[in-house]
Amino acid sequence: MNQNYSTVAQRSTSAIATNKVLRNTYLLLSMTLLFSGFTAALSMLMNTPPVTYLISVIGGMVIAMFVLPRFANSPAGIGIVFLITGMLGFGLGPVLSMYASLPNGGNIITLSLGGTGVIFMGLSAYALATKKDFSFLGGFLMVGFLLVLLAALANIFLQIPAMSLMISAVVIMIMSGFILYDTSRIIHGGETNYVLATIGLYMTIFNIFISLLQILGIMSNDD
Amino acid sequence: MDWMEIISALALIAFIIFLFPAAREMIKNNPQGTSSDWMSFVIPVIAIALFVTFLVMLV
């Protein structure tokens, strides 16, 4: 009997901890997205050159891979997450300015933003509602992501617009898988650090938004 | 080929090299999914593909 009480108590403690990670992740994620929007608007107002995107993405990725894991368990980790997301948002400035200058640019940006929101919220709700364990996707998603990076590398030399479109479409599918995988990891206690969980989900949102911009931009030019 | 493309290519190569060991480890320790597990992934992905097609039609 006592053992039963102990098991129930352990389960409820674990559920509370999971809910706390989930709540903190979504809170930090929403704040970093707002901050990114602010830095992107700032970058647009400053009329930054296209190279800003490249510098911000490389800088953001280097900090996310080498600096953030060392500080993920300390309050400094939150500041580093804001630094990374602020940099990535700032890098978006010239990209958004370029799309805004297109005849249908405002529509493309609005649809990409709305589409990214719908995809993220839909998949998060699906993972939370079904409570399914998507850990089996890890290897598949990682291999898919590496193949996409190789294809993107090849396309820098080949410069094929159809391949660029295909890469963007595959990135959206892989990032969708990562949303399910990351959310499921939080739900099942695989990820207990909300700083790392936030940066993972932020990267998927960022990649989906950029890929949607590219797809809608290319398709609107084909008219 | 301009210098921005060369830097992009070098950054991608570095990223692939950095990710490769983690990817190999993930594949090695990856739990196997059943066909029902895979269906629960494929269905939302198809829904997203249809949604993106719908967005393309709107633009």
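The values are calculated or read from the model by the stated rules, or taken from the named source; none is laboratory data. It should be emphasised that the depicted structure is a prediction, and the values quoted were computed from it without experimental measurement. Heads up, the Cβs are rebuilt from the backbone with ideal geometry, glycines too, and the neighbour counts pull from every protein chain shown.
The table below lists the values:
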item: So A:Tyr194, is it closer than 24 Å to B:Leu19 by Cβ, in contact with a helix residue (DSSP H, G or I) (Cβ under 9 Å, 6 or more places away or on another chain) and among the aromatic types (Phe, Trp, Tyr); result: yes
item: Helices (runs of 4 or more DSSP H) completely within the range A:115-223 that count 2 or more residues being more than 11 Å from chain B (Cβ to nearest Cβ); result: A:161-187, A:194-221
item: Options A:Ile156, A:Ile199, A:Ile174; residue that is at pLDDT below 95 and at negative phi; result: A:Ile156
item: Matching residues, the range A:93-110, being within 11 Å of chain B (Cβ to nearest Cβ), assigned to a helix (DSSP H, G or I), more than 21 Å from A:Met203 (Cβ to Cβ) and not small (Gly, Ala, Ser); result: A:Asn107, A:Ile108, A:Thr110
item: Some residue of the range A:110-118 being farther than 30 Å from A:Thr18 by Cβ and exposed (fewer than 15 other Cβ atoms within 10 Å of the Cβ); result: yes
item: Residue among B:Ser36, B:Ser8 that is among the polar types (S, T, N, Q), more than 8 Å from chain A (Cβ to nearest Cβ) and either assigned to a helix (DSSP H, G or I) or surrounded by 11 or more Cβ atoms within 10 Å (Cβ to Cβ) (or both); result: B:Ser36
item: Verdict on A:Met87 being over 19 Å from A:Tyr202 (Cβ atoms), away from chain B (no Cβ under 14 Å), out of contact with any strand residue (DSSP E or B) (no Cβ under 9 Å at 6 or more places or on another chain) and in contact (Cβ under 8 Å) with a residue 40 or more places away in the chain; result: no
item: Candidate set: the range A:35-63, residues that are within 11 Å of chain B (Cβ to nearest Cβ) and among the hydrophobic types (A, V, I, L, M, F, W, C); chosen: the one surrounded by the fewest Cβ atoms within 10 Å (Cβ to Cβ); result: A:Val51
item: Residue satisfying condition, being at the interface with another protein chain (Cβ under 8 Å from one of its Cβ atoms), part of a helix (DSSP H, G or I) and either touching a helix residue (DSSP H, G or I) at 6+ places or on another chain (Cβ under 9 Å) or free of Cβ contacts under 8 Å to residues at least 24 places away in the same chain (or both), within set B:Pro21, B:Pro31, B:Pro44; result: B:Pro44
item: Only one of A:Met87, A:Met61, A:Met31 that is under 27 Å from A:Thr183 (Cα atoms), in a helix (DSSP H, G or I) and at pLDDT below 95; result: A:Met61
item: Test: B:Phe15 is in contact with a Gly (Cβ under 9 Å, 6 or more places away or on another chain), within 7 Å of another protein chain (Cβ to nearest Cβ) and aromatic (Phe, Trp, Tyr); result: no
